[in-house]
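Have a look at the structure below before the remarks.
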Amino acid sequence: EAGVVQSPRYKIIEKKQPVAFWCNPISGHNTLYWYLQNLGQGPELLIRYENEEAVDDSQLPKDRFSAERLKGVDSTLKIQPAELGDSAVYLCASSLATSRGLSEQFFGPGTRLTVL
Amino acid sequence: SQQGEEDPQALSIQEGENATMNCSYKTSINNLQWYRQNSGRGLVHLILIRSNEREKHSGRLRVTLDTSKKSSSLLITASRAADTASYFCATSRGGSNYKLTFGKGTLLTVNP
């Protein structure tokens, strides 16, 4: 079974340029997450989707970041315009919601963004 | 903001030795999870312990949870070079079991 797929794996852009990351979750997983991981830090949640609804986007900097999950499957995270401080690894994860609310999150390999 | 703090920040041991990593957190939790991250494979879930549990085992892993001290430990027995990775604790709290707050991680190096 394929895991969480992310692309691209690496992206180098100049500041003020736009950038987009794509995530394909594990088949059947209704919950999708985007995390930001700075060097030497743990991941921090940006946004969580249940199906196509963003149920927690409180940590998403909405002035420059946007995300969508059309049809409740694949998701795209966009930054426009990118700033130097956006250089980080962007992780996508998915999980299957259960009635007990406890579910392991499966992470993709991440996209390493470098903003010059 | 980070909820958990792992200790130590870095740990270097010889193959075959045991490795112990600790995690402290600040507020009451629903559960605590440990994840491993190495450069090739991203974050991998290791084990979850609920707030009403005190100890859990999975293969060579042993996790303890002390809610009175707001701390957890991860023990890896008979370590292998392949265990070299960063280890993170992650907590969920409040009304959401889905929102994980990660610590900064412990970098474990197992020398062959």
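Some points to look at:
- The condition (being open to solvent by less than 40 Å² (accessible area, probe 1.4 Å) and either within 14 Å of B:LEU11 (Cβ to Cβ) or of a type outside the set (Phe, Trp, Tyr) (or both)) is satisfied by just one residue among B:SER68, B:SER79: B:SER79.
- The set of residues from the range B:28-41 being open to solvent by 60 Å² or more (accessible area, probe 1.4 Å) and more than 20 Å from A:SER94 (Cα to Cα) comprises just one member, B:SER28.
- Qualifying residue in the range B:88-99 (condition: in contact with a Leu (Cβ under 8 Å, 6 or more places away or on another chain), open to solvent by 30 Å² or more (accessible area, probe 1.4 Å) and in a strand (DSSP E or B)): no
- So A:LEU113, is it in contact with a helix residue (DSSP H, G or I) (Cβ under 8 Å, 6 or more places away or on another chain), at negative phi and of a type in the set (A, V, I, L, M): yes
- When the range A:33-48 is filtered for residues that are open to solvent by less than 40 Å² (accessible area, probe 1.4 Å), at the interface with chain B (Cβ under 10 Å from one of its Cβ atoms) and within 14 Å of the chain's Cα centre (by Cα), the ones remaining, listed by number, are A:TYR33, A:TYR35, A:GLN37, A:PRO43, A:LEU45, A:ARG48.
- Among all positions in the range B:42-51, there is at least one residue which is within 8 Å of chain A (Cβ to nearest Cβ), buried (at least 20 other Cβ atoms within 10 Å of the Cβ), touching a Gly at 6+ places or on another chain (Cβ under 7 Å) and modelled with pLDDT under 95.
- Among the residues of the range A:60-96, the one identified as facing chain B (nearest Cβ under 8 Å) and either open to solvent by 30 Å² or more (accessible area, probe 1.4 Å) or not aliphatic (A, V, I, L, M) (or both) is A:SER95.
- A:VAL55 vs. criteria open to solvent by 10 Å² or more (accessible area, probe 1.4 Å) and free of Cβ contacts under 8 Å to residues at least 24 places away in the same chain: yes
- Of all residues in the range B:94-112, those that are more than 9 Å from chain A (Cβ to nearest Cβ) have Cβ atoms under 7 Å from Cβ atoms of residues that are at pLDDT below 90, 6 or more apart or on another chain, in B:THR106/B:GLU6.
- Those strands (runs of 3 or more DSSP E) lying entirely in chain A with at least 1 residues closer than 27 Å to B:ARG50 by Cβ and among the acidic types (Asp, Glu): A:44-50, A:53-56
The values are calculated or read from the model by the stated rules, or taken from the named source; none is laboratory data. Source: prediction; values computed, not measured. Glycine also receives a Cβ, built like all others from the backbone with ideal geometry; neighbour counts cover every protein chain displayed. What goes into the accessible areas is simple: the full protein's heavy atoms, side chains included, and nothing from ligands, DNA or RNA. Shrake-Rupley method; radii C 1.70, N 1.55, O 1.52, S 1.80 Å.
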